[in-house]
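The values are calculated or read from the model by the stated rules, or taken from the named source; none is laboratory data. Since this is a predicted model, take the numbers as computed values, not measurements. Glycine gets a Cβ as well: all are built from the backbone with ideal geometry, and neighbour counts include every protein chain shown.
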Ligand code: GAR
């Protein structure tokens with residue numbers, strides 16, 4: 001696939017487990033030229049709405065069968081994406097995949113890490129009663145939501161918001177920022193020193 005400039009665009013693979021709204025936004029941004037890459041495939045670990053979106057958008061998709069880790073490793077080896085994008089993929093990648101794809105896997109998490117890692121982060125933040133929350137985009141390492149932080153965006157929680165309002169605000173800033181940050185990761189220079197990510 002080539003961009004308007006005629007240059008070959010990087011190919012990415014998106015991994016999801018659920019609704020797939022970030023996946024859809026990534027595909028749309030790639031078609032609008034906001035994200036200078038093309039989505040080679042959606043990979044899911046279970047039947048989920050993300051697959052319906054892939055069908056509608058005309059993006060190839062694959063559901064991982066057991067043993068999922070081995071199959072994922074094989075699939076990535078065949079597709080050879082330039083970058084792997086986790087968008088609501090609710091499984092922990094095994095160390096061998098993280099090692100093989102070191103600094104080529106990015107994740108988005110709906111809290112200001114290191115606060116509220118793991119599952120149901122939006123609900124966790126809401127129930128804890130924090131006044132400020134946000135999103136984190138990070139390079140994936142072997143831990144759970146522990147990798148070097150590329151980008152964070154904070155929002156103040158208004159006391160009139162219910163959980164659903166907070167969820168939609170978080171998704172809004174995810175959709176706005178994830179494609180742009182992926183674009184920068186693919187097209188700009190950066191390095192990781194210790195656990196610190198920096199643009200060069
Ligand atoms: C997003 O809010 C993403 O940050 C979160 O799952 C949601 C997926 O939504 N990811 C995690 O919690 C990872 N620990 P989507 O399927 O509509 O893109």
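Kindly list the number of the only condition in (1) surrounded by fewer than 15 Cβ atoms within 10 Å (Cβ to Cβ); (2) touching a helix residue (DSSP H, G or I) at 6+ places or on another chain (Cβ under 7 Å); (3) assigned to a strand (DSSP E or B) that fails for residue 153.
Going through the list (1) surrounded by fewer than 15 Cβ atoms within 10 Å (Cβ to Cβ); (2) touching a helix residue (DSSP H, G or I) at 6+ places or on another chain (Cβ under 7 Å); (3) assigned to a strand (DSSP E or B), residue 153 breaks only (1).
Let me confirm something: among 180, 169, 131, which residue is farther than 16 Å from residue 86 by Cβ, at pLDDT 95 or above and touching a helix residue (DSSP H, G or I) at 6+ places or on another chain (Cβ under 8 Å)?
Values: 169 fails: touching a helix residue (DSSP H, G or I) at 6+ places or on another chain (Cβ under 8 Å); 131 fails: touching a helix residue (DSSP H, G or I) at 6+ places or on another chain (Cβ under 8 Å).
None of the other options fit; the residue is 180.
Going by the conditions given, is residue 197 assigned to a strand (DSSP E or B), more than 19 Å from residue 88 (Cβ to Cβ) and touching a strand residue (DSSP E or B) at 6+ places or on another chain (Cβ under 9 Å)?
On the way: assigned to a strand (DSSP E or B): yes; more than 19 Å from residue 88 (Cβ to Cβ): yes; touching a strand residue (DSSP E or B) at 6+ places or on another chain (Cβ under 9 Å): yes.
So residue 197 fits the description; yes.
Listed here are the residues, each with its yes/no results for (1) assigned to a helix (DSSP H, G or I); (2) surrounded by 15 or more Cβ atoms within 10 Å (Cβ to Cβ); (3) more than 15 Å from the ligand (Cβ to nearest atom).
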residue	(1), (2), (3)
126	yes, yes, no
130	no, yes, yes
135	no, yes, no
160	no, no, yes
166	yes, yes, no
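Quick check, is residue 175 in a helix (DSSP H, G or I) and either under 20 Å from residue 89 (Cβ atoms) or away from the ligand (no atom under 15 Å from the Cβ) (or both)?
On the way: in a helix (DSSP H, G or I): yes; either under 20 Å from residue 89 (Cβ atoms) or away from the ligand (no atom under 15 Å from the Cβ) (or both): yes.
So residue 175 fits the description; yes.
Please go through segment 65-117 and pick out each residue that is more than 16 Å from the ligand (Cβ to nearest atom), within 18 Å of residue 18 (Cβ to Cβ) and within 18 Å of the chain's Cα centre (by Cα).
72
Let's see how each residue does on (1) touching a residue at least 24 places away in the same chain (Cβ under 8 Å); (2) under 23 Å from residue 101 (Cα atoms); (3) within 12 Å of the ligand (Cβ to nearest atom):
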{"position": "20", "(1), (2), (3)": "yes, yes, yes"}
{"position": "44", "(1), (2), (3)": "yes, yes, yes"}
{"position": "59", "(1), (2), (3)": "yes, yes, no"}
{"position": "63", "(1), (2), (3)": "no, yes, no"}
